[in-house]
Amino acid sequence: MLAIIALFFPALLLLGVRSKMLGFTTSYKKNIILYVFSVITLNWVMDLILFYGFQNAGNIILKLNKYRDFACKYILLAGVIAVIIPSIEYIVRRYFNLDKRKNFSEDKNKDKRINVVIKKPSLSVLILYGLFLILMIVTIGNKETYHVDETYSYGLANHQGGIAISIEDGKRYSEPAEPFLKYLTVNKEHRFDYQNVWENQSIDVHPPLYYALLHTICSFFPGTISKWYAGSINILFALLTLFVLRKLILQLTNKNEKIRDIISIMFVLSSGILSAISFFRMYLLTLLIYLLVKEIGIWEFSLSFYVKLGVVALLGALTHYYCIVFTVFICVVFCMILLLNKRVFPVVGVIITGILSGASAYRIFPYMLYHMFGGYRGTEAVNNLNQSANEFWERIKNFFNIIDAEIFGNILEYIGVTVLFILILVYVFEKQFHYRNSIKQYIFNSSESRAKIVLMRYSLIFIPIGMYFFIVSKMAAFVTDRYMMPIYAGALGGIFCLVITCLQKLFKDKILLIVTALLMTVVVINEWEDVNWSYLCKDSANLIEMSENKQNVDCLYVYDENWKTQPSFSEVRNYNSVTFVNNSDLEMLSSLEIINNKEMMLLVTADSEKILKEIMKTCPQFSAYSEMGTYAFTTTYYLYSE
């Protein structure tokens, strides 16, 4: 009962604060006092519910043995619906502009009649979202198997007893999928076991929010694995990202719907975005959170502003540690802008919000400090800060080339030169344009105050992205696109907003439409020509097809580290059986059941030549072998007698 009261008290408090009965005012001082009081209360609730209750909620429900299935399938589903329906209603009302406009009739009783004006979504908007949804489904549908890190996504979300697959050496698994399914899927007795998610992530290197979401979906389908479990998360967050991006573009372009639609089409058709969607990790969630943080420049300074900032910062910290880096950067830039405008009190509010959000994130997941500064990945990041200038420059060029290829079609340099040229042109020939106001007024086609706000928002886009790019380029464990995925939408939206806004000053509407259409076509075509679709795992297709034709053949898997076997799931599951042997214990070969077979599939993760010689020596009936292919860390051979 105490937990229930604690859960609803902050909500009632916030509702009461905004009510006229309590005399709600937009005064900064009153808002800050109410905000601090609310956050202290919320922090107490987190201690009581989030830190303890969330981790054990699944266990509490599953203890209802008599009604276990009903509780899991219906009560939890009802809870999800109870959250989703108000969220959908809020989005629909905000997006479709469902306003309640009061029209007071002056009849005898002086009734207040309310007419609801509903603005229906345009056909073009529905087509845009429909096209995006279809492209995402087709992209994920073409995914062959799982990247090693994607197997970790499922395993860390669901596996009991460690973060890597559990293998019993020497045992013949007559159901070859058994050890993999035990690792990748939810055990029926451990559905909604969030405490296990927390324990796994305490050993791993990432915070737990994404894995808790994936575990929730998998818990409705125990014992099964599907790419659509994680794929549905990416699809949802990609659609929300497009929604937020379109709002952000309107704020940058003085509500120019044409520019918004053009950039939206580029986002939807971007092969880099679709490739990111096909990667089942937390990076789509970080992409959405980064855009939400960018909206800091749009929110007004009220209680809701600080609450929104705190919640988004908290979710970011619980999703990926790079979100903390980006949030700090954008808050620093924002506070500097405020100080330049002599607005000190909001800066204090932002600082307090950041401190309380960080403390709450640490309270919910106290292992994050160890991950960032003491874990092996944190140690790698710190060591990378000591790289030489030449190494740093090479990493910068490589990361830049990745962003340029996946988002801008390898023409980002030309785009930058074009924008610079237009700005110089406007500056030099300002008098010839017969425009007396400042350049930023001319470029943004706004009044001085409005142009100043837009310039501030562009600063909040580009400066944090630039800071993030350089810091992550220095700290990242690997030079790979995943670390830059979170800034894809912001970079694409911000740069093309600026480009098209500048082009508007040189071309009339019809010519501008042709120029932007050509630009969009060049970018999209270049992207699709250079994309490698590495996360679709197409290099595994031949092995999977081959294994389907070898369903009566037993498999011997010789490995050096058990986690390297995880990506071979889609291949191994098709064989008749699988037996695992560690390459440090090859003496075990002579005692295996399958050693006298006339044919056998051999999968090896390391020292292939040495292991082949040892097996051919132990199994003299094999006179020849053929290399069938390699995927991830494993090479597959077919051993047979001629």
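The values are calculated or read from the model by the stated rules, or taken from the named source; none is laboratory data. The shown structure was predicted, so the numbers you read here are calculated from the model rather than taken from an experiment. FYI the Cβ positions are ideal-geometry reconstructions off the backbone, even for glycines, and counts take in every protein chain you see. The protein model used for the area step is the full one, side chains on, heavy atoms only, and it has no ligands, DNA or RNA in it. Shrake-Rupley method; radii C 1.70, N 1.55, O 1.52, S 1.80 Å.
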When segment 204-225 is checked residue by residue, the ones that are open to solvent by 20 Å² or more (accessible area, probe 1.4 Å) and either small (Gly, Ala, Ser) or touching an Asp or Glu at 6+ places or on another chain (Cβ under 8 Å) (or both) are Gly223
Scanning segment 606-625 for residues that are open to solvent by 20 Å² or more (accessible area, probe 1.4 Å) and under 41 Å from the mean Cα position of the chain (by Cα), the one farthest from Val558 (Cα to Cα) turns out to be Glu609
Checked pairs for segment 328-339, first among the aliphatic types (A, V, I, L, M), second surrounded by fewer than 19 Cβ atoms within 10 Å (Cβ to Cβ), C-beta under 7 Å and 6 or more apart or across chains, list as Val333/Ser459; Val333/Ile463; Ile337/Met456; Ile337/Ser459; Leu338/Val347; Leu339/Val347
With the first residue restricted to segment 472-499 and required to be in contact (Cβ under 8 Å) with a residue 12 or more places away in the chain and within 17 Å of Ile330 (Cβ to Cβ), and the second required to be open to solvent by 10 Å² or more (accessible area, probe 1.4 Å) and of a type in the set (Asp, Glu), Cβ contacts under 6 Å at 6 or more apart or on different chains are none
**Request:** State whether one or more residues within segment 463-475 are more than 22 Å from the chain's Cα centre (by Cα) and not in a loop (DSSP other than H, G, I, E, B).
**Result:** no
Selection over segment 456-481 where residues are of a type outside the set (Phe, Trp, Tyr) and surrounded by fewer than 19 Cβ atoms within 10 Å (Cβ to Cβ) yields a count of 11
Only unsatisfied item for Met484, checking (1) open to solvent by 70 Å² or more (accessible area, probe 1.4 Å); (2) at pLDDT 90 or above; (3) not aromatic (Phe, Trp, Tyr), is (1)
Confirm whether Phe267 is within 24 Å of Asp404 (Cβ to Cβ) and aromatic (Phe, Trp, Tyr).
yes
Right, Ile396: of a type in the set (Val, Ile, Thr), in contact (Cβ under 8 Å) with a residue 40 or more places away in the chain, closer than 20 Å to Met485 by Cα and touching a helix residue (DSSP H, G or I) at 6+ places or on another chain (Cβ under 6 Å) or not? yes
Note on segment 340-393: residues more than 14 Å from Asp204 (Cα to Cα), open to solvent by 70 Å² or more (accessible area, probe 1.4 Å) and not in a helix (DSSP H, G or I) are Lys342, Arg343, Leu385, Asn386
Residue match in segment 519-535 (condition: at pLDDT 90 or above, assigned to a loop (DSSP other than H, G, I, E, B) and either closer than 20 Å to Leu181 by Cα or open to solvent by less than 40 Å² (accessible area, probe 1.4 Å) (or both)) | no
